[in-house]
Amino acid sequence: MAKKKKTIVVGKRLKREPVNNVIVVSDLHCGCRLGLCPDTPVDLDEGGKYQCSKLQAQVWAWWSEFWDNWVPEVTRREPYTVVVNGDAMDGVHHNTVTQISQNTADQAKIAYSILKPIVDGCEGRYYHIRGTEAHVGSSGQEEEKLAERLGAIPDPVGHHARWELWLRVGRGLVHFTHHIGVAGSMAYETSAIQKEIEQSFVESARWDDEIPDVLVRSHRHRNAETRIQSHKGFATSCTTAGWQLKTPLVYRIVGGRQARPQIGGTLIRCGDEDIYTRHKLWKLDRPKVEIA
(Lines give C-alpha, C1' and ligand atoms only; values in the text may rest on other atoms or scores of the structure.)
Protein backbone atom coordinates (compact mmCIF):
# COMPACT_ATOMS: atom_id res chain seq x y z
CA MET A 1 0.00 0.00 0.00
CA ALA A 2 1.44 3.38 -0.99
CA LYS A 3 2.51 5.63 1.85
CA LYS A 4 0.20 8.60 2.24
CA LYS A 5 1.92 11.95 1.69
CA LYS A 6 2.00 14.41 4.55
CA THR A 7 -0.12 17.51 4.00
CA ILE A 8 0.28 20.99 5.46
CA VAL A 9 -1.87 24.08 5.35
CA VAL A 10 -0.35 26.91 3.32
CA GLY A 11 -2.26 30.19 3.35
CA LYS A 12 -5.93 29.32 2.95
CA ARG A 13 -5.32 26.20 0.89
CA LEU A 14 -4.29 22.62 1.62
CA LYS A 15 -0.83 21.83 0.24
CA ARG A 16 1.47 18.85 0.17
CA GLU A 17 4.75 18.55 2.02
CA PRO A 18 7.31 21.42 1.97
CA VAL A 19 9.24 22.21 -1.19
CA ASN A 20 12.96 22.62 -1.94
CA ASN A 21 12.77 25.79 -4.06
CA VAL A 22 12.23 29.43 -3.12
CA ILE A 23 12.03 32.27 -5.64
CA VAL A 24 12.80 35.75 -4.29
CA VAL A 25 11.95 39.06 -5.93
CA SER A 26 12.02 42.50 -4.37
CA ASP A 27 11.80 46.24 -4.98
CA LEU A 28 9.09 46.22 -7.61
CA HIS A 29 8.11 49.82 -6.78
CA CYS A 30 4.75 49.49 -8.52
CA GLY A 31 3.16 52.88 -9.00
CA CYS A 32 6.41 54.56 -10.04
CA ARG A 33 6.90 55.58 -13.67
CA LEU A 34 10.28 53.85 -13.37
CA GLY A 35 8.95 50.82 -11.50
CA LEU A 36 7.46 47.53 -12.65
CA CYS A 37 4.31 48.04 -14.72
CA PRO A 38 2.30 45.84 -17.12
CA ASP A 39 2.64 46.57 -20.82
CA THR A 40 -1.14 47.03 -21.17
CA PRO A 41 -2.93 50.25 -20.08
CA VAL A 42 -3.43 50.51 -16.33
CA ASP A 43 -6.76 51.83 -15.02
CA LEU A 44 -6.51 54.67 -12.48
CA ASP A 45 -8.92 56.16 -9.99
CA GLU A 46 -11.31 58.71 -11.56
CA GLY A 47 -11.27 56.82 -14.86
CA GLY A 48 -7.87 57.67 -16.34
CA LYS A 49 -5.32 55.26 -17.75
CA TYR A 50 -1.53 54.96 -17.72
CA GLN A 51 0.49 53.43 -20.57
CA CYS A 52 3.95 52.18 -19.61
CA SER A 53 7.07 53.69 -21.16
CA LYS A 54 9.30 51.92 -23.66
CA LEU A 55 11.82 51.09 -20.91
CA GLN A 56 9.08 49.82 -18.61
CA ALA A 57 7.88 47.58 -21.44
CA GLN A 58 11.39 46.11 -21.66
CA VAL A 59 11.45 45.44 -17.91
CA TRP A 60 8.00 43.86 -18.19
CA ALA A 61 9.30 41.55 -20.94
CA TRP A 62 12.09 40.48 -18.58
CA TRP A 63 9.54 39.91 -15.78
CA SER A 64 7.58 37.63 -18.08
CA GLU A 65 10.73 35.79 -19.18
CA PHE A 66 11.78 35.37 -15.54
CA TRP A 67 8.54 33.62 -14.53
CA ASP A 68 7.77 31.84 -17.80
CA ASN A 69 11.26 30.52 -18.62
CA TRP A 70 13.89 30.98 -15.91
CA VAL A 71 11.84 29.88 -12.89
CA PRO A 72 10.65 26.58 -14.44
CA GLU A 73 14.21 25.85 -15.56
CA VAL A 74 16.00 26.46 -12.24
CA THR A 75 13.30 24.80 -10.14
CA ARG A 76 13.33 21.82 -12.54
CA ARG A 77 9.58 22.35 -12.83
CA GLU A 78 9.16 21.37 -9.20
CA PRO A 79 6.87 23.27 -6.81
CA TYR A 80 8.29 26.44 -5.30
CA THR A 81 7.62 29.09 -2.67
CA VAL A 82 7.71 32.81 -3.50
CA VAL A 83 9.02 35.54 -1.20
CA VAL A 84 8.55 39.22 -2.10
CA ASN A 85 11.28 40.81 -0.02
CA GLY A 86 9.86 44.30 0.36
CA ASP A 87 8.95 47.50 -1.50
CA ALA A 88 6.26 46.09 -3.76
CA MET A 89 4.88 49.64 -4.03
CA ASP A 90 6.56 53.01 -4.48
CA GLY A 91 4.44 55.12 -2.15
CA VAL A 92 4.63 58.90 -1.78
CA HIS A 93 8.13 59.73 -0.65
CA HIS A 94 11.06 62.17 -0.51
CA ASN A 95 9.09 64.93 -2.31
CA THR A 96 9.44 62.97 -5.58
CA VAL A 97 7.13 63.45 -8.57
CA THR A 98 7.95 60.20 -10.42
CA GLN A 99 4.79 58.33 -9.40
CA ILE A 100 2.21 57.17 -11.92
CA SER A 101 -0.28 58.21 -9.25
CA GLN A 102 0.22 59.37 -5.67
CA ASN A 103 -3.04 57.64 -4.80
CA THR A 104 -1.79 54.52 -3.01
CA ALA A 105 -4.98 52.69 -4.03
CA ASP A 106 -3.85 53.04 -7.66
CA GLN A 107 -0.40 51.73 -6.74
CA ALA A 108 -1.84 48.80 -4.81
CA LYS A 109 -4.08 47.93 -7.77
CA ILE A 110 -1.04 47.73 -10.06
CA ALA A 111 0.93 45.63 -7.57
CA TYR A 112 -2.00 43.27 -7.04
CA SER A 113 -2.53 42.76 -10.78
CA ILE A 114 1.15 41.86 -11.16
CA LEU A 115 1.50 39.62 -8.11
CA LYS A 116 -1.83 37.76 -8.16
CA PRO A 117 -0.75 35.48 -11.07
CA ILE A 118 2.53 34.82 -9.22
CA VAL A 119 0.64 33.76 -6.08
CA ASP A 120 -1.55 31.49 -8.20
CA GLY A 121 1.54 30.06 -9.92
CA CYS A 122 3.15 29.03 -6.63
CA GLU A 123 -0.19 27.62 -5.42
CA GLY A 124 -0.39 29.99 -2.46
CA ARG A 125 3.10 29.29 -1.07
CA TYR A 126 3.61 33.03 -0.78
CA TYR A 127 5.33 35.20 1.85
CA HIS A 128 5.56 38.98 1.89
CA ILE A 129 8.21 41.04 3.68
CA ARG A 130 7.67 44.68 4.64
CA GLY A 131 10.04 47.13 2.98
CA THR A 132 11.00 50.76 3.60
CA GLU A 133 8.39 52.82 5.42
CA ALA A 134 8.95 55.76 3.07
CA HIS A 135 7.60 53.55 0.29
CA VAL A 136 5.07 51.28 2.00
CA GLY A 137 3.78 53.46 4.82
CA SER A 138 4.47 53.69 8.54
CA SER A 139 4.88 50.19 9.97
CA GLY A 140 4.57 48.89 6.41
CA GLN A 141 0.78 49.35 6.54
CA GLU A 142 0.30 49.63 2.76
CA GLU A 143 2.28 46.44 2.19
CA GLU A 144 0.26 44.69 4.90
CA LYS A 145 -3.00 45.56 3.12
CA LEU A 146 -1.60 44.35 -0.20
CA ALA A 147 -0.24 41.10 1.29
CA GLU A 148 -3.55 40.34 3.00
CA ARG A 149 -5.42 40.86 -0.27
CA LEU A 150 -2.98 38.53 -2.03
CA GLY A 151 -3.46 35.86 0.64
CA ALA A 152 0.14 35.86 1.87
CA ILE A 153 0.85 33.29 4.58
CA PRO A 154 0.44 35.09 7.92
CA ASP A 155 2.82 35.00 10.87
CA PRO A 156 1.68 33.63 14.27
CA VAL A 157 0.04 36.93 15.28
CA GLY A 158 -1.77 37.34 11.96
CA HIS A 159 0.45 39.74 10.01
CA HIS A 160 0.31 38.95 6.29
CA ALA A 161 3.38 41.13 5.64
CA ARG A 162 6.16 40.73 8.17
CA TRP A 163 9.46 42.42 8.93
CA GLU A 164 11.45 39.19 8.82
CA LEU A 165 10.98 35.54 7.93
CA TRP A 166 12.78 32.39 9.06
CA LEU A 167 12.06 29.73 6.46
CA ARG A 168 12.99 26.04 6.39
CA VAL A 169 14.00 25.07 2.85
CA GLY A 170 14.70 21.34 2.71
CA ARG A 171 17.49 20.79 5.24
CA GLY A 172 18.47 24.46 5.22
CA LEU A 173 17.44 27.51 7.22
CA VAL A 174 16.99 30.86 5.46
CA HIS A 175 16.48 34.33 6.94
CA PHE A 176 14.81 37.14 5.01
CA THR A 177 14.49 40.83 5.79
CA HIS A 178 14.46 43.85 3.50
CA HIS A 179 17.05 46.27 4.81
CA ILE A 180 20.84 46.30 4.63
CA GLY A 181 23.50 49.01 4.55
CA VAL A 182 24.19 50.68 1.19
CA ALA A 183 27.81 51.01 0.00
CA GLY A 184 28.99 54.07 -1.90
CA SER A 185 31.86 52.19 -3.53
CA MET A 186 32.05 48.83 -5.30
CA ALA A 187 35.21 48.16 -3.30
CA TYR A 188 32.98 47.81 -0.23
CA GLU A 189 29.84 46.44 -1.87
CA THR A 190 30.08 43.10 -0.07
CA SER A 191 31.18 44.48 3.33
CA ALA A 192 27.69 44.78 4.82
CA ILE A 193 26.66 41.50 3.18
CA GLN A 194 29.54 39.66 4.86
CA LYS A 195 28.76 41.36 8.17
CA GLU A 196 25.29 39.85 8.07
CA ILE A 197 26.87 36.37 8.18
CA GLU A 198 29.20 37.33 11.02
CA GLN A 199 26.39 38.87 13.05
CA SER A 200 24.14 35.87 12.47
CA PHE A 201 26.87 33.52 13.70
CA VAL A 202 27.47 35.59 16.83
CA GLU A 203 23.78 35.96 17.64
CA SER A 204 23.12 32.26 17.06
CA ALA A 205 26.05 31.24 19.27
CA ARG A 206 24.99 33.68 21.98
CA TRP A 207 21.59 32.02 22.33
CA ASP A 208 22.57 28.50 21.19
CA ASP A 209 20.33 28.77 18.12
CA GLU A 210 20.75 27.08 14.75
CA ILE A 211 22.87 29.18 12.39
CA PRO A 212 21.19 30.13 9.10
CA ASP A 213 22.44 28.68 5.82
CA VAL A 214 21.32 31.63 3.69
CA LEU A 215 20.66 35.29 4.49
CA VAL A 216 18.66 37.32 1.96
CA ARG A 217 18.58 41.11 1.94
CA SER A 218 17.28 43.61 -0.62
CA HIS A 219 16.82 47.44 -0.58
CA ARG A 220 19.96 48.15 -2.66
CA HIS A 221 18.47 47.01 -5.99
CA ARG A 222 21.81 45.32 -6.63
CA ASN A 223 22.80 41.65 -6.51
CA ALA A 224 25.95 40.56 -4.70
CA GLU A 225 26.89 37.52 -2.63
CA THR A 226 29.46 36.23 -0.17
CA ARG A 227 29.97 32.64 1.02
CA ILE A 228 32.05 31.16 3.83
CA GLN A 229 32.58 27.59 4.99
CA SER A 230 30.75 26.44 8.11
CA HIS A 231 30.25 23.10 9.83
CA LYS A 232 27.00 22.78 7.85
CA GLY A 233 28.68 23.41 4.50
CA PHE A 234 28.57 26.92 3.06
CA ALA A 235 26.85 29.89 4.65
CA THR A 236 25.64 32.36 2.03
CA SER A 237 24.62 36.00 2.31
CA CYS A 238 23.20 37.84 -0.69
CA THR A 239 21.31 40.90 -1.84
CA THR A 240 18.69 40.81 -4.57
CA ALA A 241 18.36 42.88 -7.71
CA GLY A 242 15.23 45.02 -8.15
CA TRP A 243 12.64 45.77 -10.82
CA GLN A 244 12.97 49.56 -10.88
CA LEU A 245 14.90 51.74 -13.30
CA LYS A 246 17.18 54.54 -12.10
CA THR A 247 15.30 57.30 -10.33
CA PRO A 248 16.53 60.88 -9.79
CA LEU A 249 17.56 59.88 -6.25
CA VAL A 250 20.10 57.35 -7.58
CA TYR A 251 22.07 60.08 -9.36
CA ARG A 252 22.98 61.52 -5.95
CA ILE A 253 24.75 58.34 -4.85
CA VAL A 254 28.46 57.76 -5.41
CA GLY A 255 28.75 54.62 -7.55
CA GLY A 256 25.02 54.62 -8.26
CA ARG A 257 25.09 57.56 -10.64
CA GLN A 258 27.25 55.67 -13.15
CA ALA A 259 25.90 52.18 -12.52
CA ARG A 260 23.23 50.66 -14.70
CA PRO A 261 20.13 49.29 -12.97
CA GLN A 262 20.14 45.58 -12.21
CA ILE A 263 16.87 43.80 -12.95
CA GLY A 264 16.18 40.25 -11.80
CA GLY A 265 15.55 37.76 -9.01
CA THR A 266 16.99 34.90 -6.99
CA LEU A 267 16.55 31.16 -6.48
CA ILE A 268 17.28 29.36 -3.22
CA ARG A 269 17.35 25.60 -3.66
CA CYS A 270 18.11 22.66 -1.42
CA GLY A 271 19.87 20.12 -3.60
CA ASP A 272 21.12 16.62 -2.90
CA GLU A 273 24.24 17.86 -1.08
CA ASP A 274 23.71 21.46 0.04
CA ILE A 275 21.53 24.54 -0.14
CA TYR A 276 22.59 27.06 -2.76
CA THR A 277 21.54 30.21 -4.60
CA ARG A 278 21.31 31.24 -8.25
CA HIS A 279 20.60 34.71 -9.55
CA LYS A 280 19.13 35.94 -12.83
CA LEU A 281 20.11 39.46 -13.94
CA TRP A 282 19.45 41.75 -16.87
CA LYS A 283 20.96 45.15 -17.50
CA LEU A 284 20.03 48.05 -19.72
CA ASP A 285 22.43 49.29 -22.35
CA ARG A 286 24.58 52.30 -21.56
CA PRO A 287 22.96 55.57 -22.75
CA LYS A 288 23.71 56.61 -26.32
CA VAL A 289 27.11 58.21 -26.88
CA GLU A 290 26.63 61.73 -28.28
CA ILE A 291 28.97 63.49 -30.70
CA ALA A 292 30.92 66.53 -29.45
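The values are calculated or read from the model by the stated rules, or taken from the named source; none is laboratory data. Remember, it's a predicted structure, so these values are computed and weren't measured experimentally. Cβ: placed from backbone, ideal geometry, glycine included. Neighbour counts: every protein chain shown. Just so you know, the surface numbers come from the protein's heavy atoms only, side chains and all, with ligands and any DNA or RNA stripped out. Shrake-Rupley method; radii C 1.70, N 1.55, O 1.52, S 1.80 Å.
Around the amide H of residue 162, modelled in the peptide plane, lie the amide H atoms of 128, 129, 130, all under 5 Å away and 5 or more residues distant in sequence or on another chain. Absence of a disulfide-compatible partner, taken as no other cysteine beta carbon within less than 4.7 angstrom, is noted in the chain for 30, 32, 122, 238, 270. Taking θ as phi - 60° and the Karplus parameters 6.51, -1.76 and 1.60, the scalar couplings of segment 168-182 work out to 7, 10, x, 7, x, 10, 10, 10, 10, 7, 7, 7, 7, x, 9 Hz in sequence order, x denoting glycine and proline.
Using only alpha carbon pairs under 8 Å that are at least six residues apart, calculate the relative contact order of segment 21-136 and give it in whole percent.
Details: 190 pairs, mean separation 42.4, N = 116.
After rounding, I find 37 percent.
Measuring spread by the Cα atoms of segment 226-292 yields a radius of gyration and Dmax of 17.1, 59 Å. Candidates 47, 235, 181 compared by Cα position along the dipole of the chain: farthest toward the positive end lies 235, with charges placed on Cβ.
In sequence order, segment 81-93 has phi-based couplings of 9, 10, 10, 8, 9, x, 6, 5, 10, 8, x, 10, 8 Hz under the Karplus curve 6.51 cos²θ - 1.76 cosθ + 1.60, θ = phi - 60°, and Gly or Pro positions carry x. Scanning residues 5 or more positions from residue 26 or on other chains, those with amide H under 5 Å from its amide H are 85, with H placed 1.01 Å from N in the peptide plane. Against the criterion of solvent-accessible heavy-atom surface with a 1.4 angstrom probe, 276, 50 sort, most first, into 276, 50. Taking amide hydrogens as placed 1.01 Å from N in the peptide plane, the amide H of residue 265 sits under 5 Å from those of 280, each at least 5 positions away in sequence or on another chain. Computed from phi, the 3J(HN,Hα) profile of segment 49-55 under the Karplus parametrisation 6.51, -1.76, 1.60 (θ = phi - 60°) reads 9, 10, 9, 4, 6, 4, 5 Hz, with x in place of Gly and Pro. Comparing 179, 128, 29 in a Gaussian network model of the chain (Cα springs below 10 Å), the most mobile by mean-square fluctuation is 179. For the chain, the Kirkwood hydrodynamic radius comes to 19.8 Å, computed from all pairs of different C-alpha atoms. For the residues 229, 51, 262, a GNM of the chain with alpha-carbon springs under 10 Å puts the largest fluctuation on 229.
Measuring from a point 7 Å past the Cα of residue 194 along Cα-to-C-beta, which residues in segment 211-242 have an amide N at less than 13 Å? Answer for segment 211-242: 225-229, 237.
Can you tell me what share of the DSSP beta bridges in segment 29-188 is antiparallel? A percent to the nearest 5 is fine. Before the final figure, lay out each step's value.
Values: 9 of 15 bridges.
The antiparallel proportion sits near 60 percent.
FRET efficiency for the pair residue 55 and residue 290, taken as 1/(1 + (r/R0)^6) with r the Cβ-Cβ distance and R0 = 30 Å, rounds to 0.95. The region of the chain that goes longest without hitting one of the GluC sites (Glu not before Pro) in a DSSP loop, each with at most 11 other Cβ atoms within 10 Å, is 1-209. Calculated [222 nm] ellipticity per residue, helices only, for the chain: -6500 deg cm²/dmol; basis is -39500 (n - 2.57) per DSSP H run with n ≥ 4, divided by all residues, nearest 500.
DSSP bridge analysis restricted to the chain gives an antiparallel fraction near 65%, rounded to the nearest 5.
Which trypsin sites (Lys or Arg not before Pro) does segment 171-251 hold that lie in a coil by DSSP with at most 14 other beta carbons within 10 Å? Write out the running numbers ahead of the final one.
On the way: sites: 171, 195, 206, 217, 220, 222, 227, 232, 246; in loops: 171, 220, 222, 232, 246.
Answer by residue number: 171.
Just to be sure I understand: with springs between alpha-carbon atoms less than 10 Å apart, which residue in 178, 159, 279 has the highest mean-square fluctuation in the Gaussian network model of the chain? Fluctuation is largest for 159.
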